[in-house]
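This report concerns only the one structure given below.
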Amino acid sequence: MTHDAAQSLFDELDDLLEQERTALLSGNLEKISSLLVLKEALVAKIGLLEQDALAPLQTLQKKVANNQILLDGALKGIRKAATRLAEIRQIRRTLETYGEDGQKLVIEGQVTHKVEKRA
């Protein structure tokens, strides 16, 4: 592969990493998913290059690391939100309190879904 063709691959990867960063910062998870497919194909092409042609990857490594930090943060936020939603659902179903004896007491609640029809 020529030097220009290899540089084109690196430029394309640089552009994809910028798009990924923008999507991560804006919370656009669908865009991140679509970029992943493109990035995997591009990395596979870069993997076919000879060792001496891979020097430009050093400059892109920092972008990849920064995007990974952003992605880890997004995943952490998603996990925390899911945990919080589970806690809220649990609160709606039960009430935890303490009895006169100081022991924890769980009062089960009833969630009823009613639809009232009016004429």
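Here the contact order of the chain, divided by its residue count and restricted to Cα pairs under 8 Å and six or more residues apart, works out to 22 percent. Under conditions of 10 °C and 1.306 mPa s, region 58-119 yields 98 µm² s⁻¹ as its translational diffusion coefficient, taking Rh as the Kirkwood radius over Cα pairs in the Stokes-Einstein equation.
Sum up the charges of everything whose Cβ sits under 12 Å from the Cβ of residue 10, counting Lys and Arg as +1 and Asp and Glu as -1, but leave residue 10 out. If you can, show how the numbers build up before the last one.
On the way: positive: 45, 63; negative: 4, 11, 12, 14, 15.
Net of charged neighbours comes to -3.
Each label point was placed 7 Å from the Cα along the Cα-to-Cβ direction; for residue 117 and residue 80 their separation is 4.7 nm.
Taking loop as defined by DSSP and a crowding limit of 11 other beta carbons within 10 Å, which GluC sites (Glu not before Pro) in region 52-105 fit?
Values: sites: 87, 96, 100; in loops: 100.
Loop-located and lightly packed - 100.
Among residues other than residue 71 with Cβ under 13 Å from its Cβ, the summed charge is +4 (Lys and Arg +1, Asp and Glu -1).
Excluding same-chain neighbours fewer than eight residues apart, the lysines reachable from residue 45 by a Cα-Cα span under 27 Å are 31, 62, 63.
At R0 = 41 Å, how high is the FRET efficiency between residue 69 and residue 89 if r is their beta carbon distance? Nearest 0.05 is fine.
Result of the calculation: an efficiency of 0.85.
Annotation for residue 98 and residue 61: the two label points, set 7 Å from Cα along the Cα-Cβ direction, are 5.5 nm apart.
Coordinate-derived values only; no laboratory data. Worth saying up front: this structure is predicted, and the values here are computed from it rather than measured. Heads up, the Cβs are rebuilt from the backbone with ideal geometry, glycines too, and the neighbour counts pull from every protein chain shown.
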